[in-house]
Amino acid sequence: MSAPSMMLFHSPASPFVRKVMVLLHETGQTDRVAVHSINLSPVSPDAELNQGNPAGKIPALRLEDGSVLHDSRVICEYLDLQHVGNPLIPREGSARWRRLTLASLADAIMDAAVNTRYETFLRPEDKRWDRWIDAQLDKVRRGLASLEQEHIAELASTFDIAAIGVACALGYIDFRMPDFAWREQQPKLAAWYAQVSQRPSMQATAPSV
Ligand code: BEZ
């Protein structure tokens with residue numbers, strides 16, 4: 001086994017980082033990437049992370065030549081071009097745009113859940129804006145309702161970039177919003193998630209602090 005040629009800036013709580021980690025597991029590429037965990041929040045930047053990545057985004061992937069890829073969508077696309085198995089992002093045709101749009105919905109759910117976390121945990125209590133939090137939670141609710149009503153068959157058809165994104169979004173909701181009780185309203189999504197959560201790639205990447 002050769003030494004990893006790439007380095008992933010990583011946070012064990014980030015659902016966006018988890019997407020990349022799940023893709024690495026699913027495509028047999030974990031040995032190619034060294035994981036560099038950093039403790040990050042929007043108000044505590046990391047100087048090393050900011051090199052070549054001025055917005056300080058995680059995940060970021062430093063390649064062998066020192067260049068840096070971000071964000072999770074770009075990194076997943078890059079890594080999916082680096083293995084010989086079935087692509088997890090369809091290369092062309094209508095499937096590509098359908099799966100990427102579903103993956104975008106998953107990212108939007110993650111964004112809203114992470115925004116809620118920052119607003120309720122990081123922001124000083126006297127500066128919190130309840131209407132804004134409610135609007136973020138509505139985005140999560142609408143996203144989950146759409147997955148339940150319109151996308152279950154698509155999700156269940158293959159564990160690709162779209163399914164990985166949705167699974168990581170649900171994992172983050174359970175991790176940071178344990179009282180959100182989404183399963184009652186979305187029983188088909190809950191059954192699908194219970195199944196995909198058993199995959200080794202999901203088990204190996206469960207969020208932690
Ligand atoms: C979190 O702690 O919830 C978190 C950390 C990094 C990125 C996103 C979320």
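Of the peptides 153-159, 129-135, the order by per-residue mean of other Cβ atoms within 10 Å, starting with the highest, comes out as 153-159, 129-135. Taking the average, over residues, of other Cβ atoms within 10 Å as the packing measure, peptides 98-109, 197-208 rank 98-109, 197-208 from highest down.
For Gln136, what charge total do you get from the other residues with a beta carbon under 13 Å from its beta carbon, if Lys and Arg give +1 and Asp and Glu give -1?
Result for the neighbourhood of Gln136: +3.
On a per residue basis, the stretch 6-80 carries 44 Å² of accessible surface, using protein heavy atoms and a 1.4 Å probe.
How big is the dipole moment of the stretch 1-132 about its Cα centre under a simple scheme where the beta carbon of each Lys and Arg is +1, that of each Asp and Glu is -1, and everything else is neutral? Debye, nearest 20, please. Provide the component values of the computation, followed by the final result.
Details: 15 positive and 16 negative charges, 73 e Å.
The calculation lands at about 360 debye.
For the stretch 6-80, the Cβ-based charge dipole about the Cα centre amounts to some 220 debye (Lys, Arg positive; Asp, Glu negative; other atoms uncharged).
Answer with one residue from Gly85, Pro187, Leu102: the one whose Cα lies farthest towards the positive end of the charge dipole of the chain, charges on Cβ with Lys, Arg +1 and Asp, Glu -1. The residue sitting most towards the positive pole is Pro187. The gain in end-to-end length when the Arg91 to Ala3 segment is fully stretched comes to 28.8 nm, 0.36 nm per residue minus the alpha carbon separation. Each of Ala34 and Glu150 was given a label point 7 Å from its Cα along the Cα-to-Cβ line. The distance between the two points is 4.4 nm. Placing a pseudo-label 7 Å from each Cα along the Cα-to-Cβ vector at Ala13 and Arg142 gives an inter-label distance of 2.7 nm. Got a sec? Which residues in the stretch 137-166 would a label at Asp174 touch, if it sits 7 Å along Cα→Cβ and we count backbone N under 14 Å? Answer for the stretch 137-166: 166.
Would you please give the FRET efficiency between Leu100 and Ala47, computed as 1/(1 + (r/R0)^6) with r the Cβ-Cβ distance and R0 = 35 Å, to the nearest 0.05? Write down the numbers at each step before the final one.
Numbers: r = 33 Å, r/R0 = 0.94.
Taking R0 as 35 Å, the efficiency between Leu100 and Ala47 is 0.60.
If you run the Gaussian network model on the chain, springs between alpha carbon atoms under 10 Å, then out of Gly56, Gly171, Gly85 the most flexible one is Gly85.
Ignoring ligands, DNA and RNA, please state the percent of accessible area on the stretch 1-152 from carbon and sulfur, probe 1.4 Å. Mind showing how you got there, number by number?
Working: 4240 of 8250 Å².
Roughly 51 percent of what the probe reaches on the stretch 1-152 is carbon or sulfur.
Over the stretch 1-159, what is the relative contact order in percent, taking alpha-carbon pairs closer than 8 angstrom and at least six residues apart?
Values: 160 pairs, mean separation 29.8, N = 159.
About 19 percent, as a whole number.
Would the chain count as rounded, prolate or oblate if I go by the C-alpha gyration tensor, calling it rounded below 1.5 in a/c and otherwise prolate when a/b exceeds b/c, oblate otherwise? Taking the square roots of the gyration eigenvalues as a ≥ b ≥ c, the chain is oblate. Projecting the Cα atoms of Ala153, Asn39, Phe175 onto the charge dipole of the chain, computed from C-beta unit charges around the Cα centre, puts Ala153 farthest toward the positive end. Taken about its Cα centre, the stretch 93-199 carries a charge dipole of roughly 240 debye when the Cβ of each Lys and Arg holds +1 and the Cβ of each Asp and Glu holds -1.
The values are calculated or read from the model by the stated rules, or taken from the named source; none is laboratory data. Note that the coordinates shown come from a computational prediction; the quantities given were computed from them, not determined experimentally. Cβ coordinates were reconstructed from backbone atoms using ideal geometry, including for glycine residues, and neighbour counts include every protein chain displayed. To get the accessible areas, we keep the full protein, side chains included, count just its heavy atoms, and leave off ligands, DNA and RNA. Shrake-Rupley method; radii C 1.70, N 1.55, O 1.52, S 1.80 Å.
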